[in-house]
Amino acid sequence: MFIGYLKNGFEESLEDLLIENPLFDLELLKQTYTVFPQYCFAAYEDSKIVGVLSAYTFENYLYINVVDVIDKYEDVLKRLIFLLIKNFPDENILVLIENDKSNVLENLGFKTYSEFLRFMHSGEAVAFNFSNSTAKQVSGKHYSEVAKRVDKNKKSTITVMDVKQAMIALHGMADKGSFI
């Protein structure tokens, strides 16, 4: 297995990853690679990509915007994150990731800032197209009920995903030494 920088023409090597995760955001990866190739890494097995990570800089942070690994290569997530940290040890790194994967990052020194639920909306009007009085009823625990009531024509679908996500961060590791 080779783990290193994402190579030009990577799209053809992503087939297995795209099959395992049909929601993989290939366009986001392409755009990030175009602007920030120095923050794009991949794990290759027999010239196929089995894990990928991309990030971009904004203000004083390095944001990981794509991170995905084929399930049977679970150790690759840790190795990709470590490669990013090793190449940019002074960066403050942020990532939004599923809770089941956040333990791997916490073991590398990341701290959880906040937890999130993932909502998906599909249909006509955006779920937030309602009055101020309705908006006051919306909170984390009431969002889905209010959004469904607002969508009177039932032309939209709102799904609360079981998957919880966490925003976790790592502050520069330059003086903390090696942790793998």
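The values are calculated or read from the model by the stated rules, or taken from the named source; none is laboratory data. Predicted, not measured: the structure shown is a model, and the values here were computed from it. Backbone-built Cβ (ideal geometry, glycine too); neighbour counts: all protein chains shown. Accessible surface areas use protein heavy atoms only, side chains included; no ligands, DNA or RNA. Shrake-Rupley method; radii C 1.70, N 1.55, O 1.52, S 1.80 Å.
Candidates are the residues of segment 33-83 that are of a type in the set (Lys, Arg) and over 17 Å from ILE93 (Cα atoms); the one that is least open to solvent (accessible area, probe 1.4 Å) is LYS48.
A residue that is charged (D, E, K, R), more than 17 Å from the chain's Cα centre (by Cα) and over 20 Å from ASN103 (Cα atoms) can be found somewhere in segment 49-60.
Evaluate the following for LEU14: is it out of contact with any Pro (no Cβ under 6 Å at 6 or more places or on another chain) and assigned to a helix (DSSP H, G or I)? Against the criterion (out of contact with any Pro (no Cβ under 6 Å at 6 or more places or on another chain) and assigned to a helix (DSSP H, G or I)), LEU14 qualifies. The criterion of at least 2 residues that are at negative phi, modelled with pLDDT under 60 and of a type in the set (S, T, N, Q) is met by the following helices (runs of 4 or more DSSP H) wholly inside segment 65-165: 132-135. The set of residues in segment 15-32 that are surrounded by fewer than 18 Cβ atoms within 10 Å (Cβ to Cβ) and under 16 Å from the mean Cα position of the chain (by Cα) comprises LEU18, GLU20, ASN21, PRO22, LEU23, PHE24, ASP25, LEU26, GLU27, LEU28, LYS30, GLN31.
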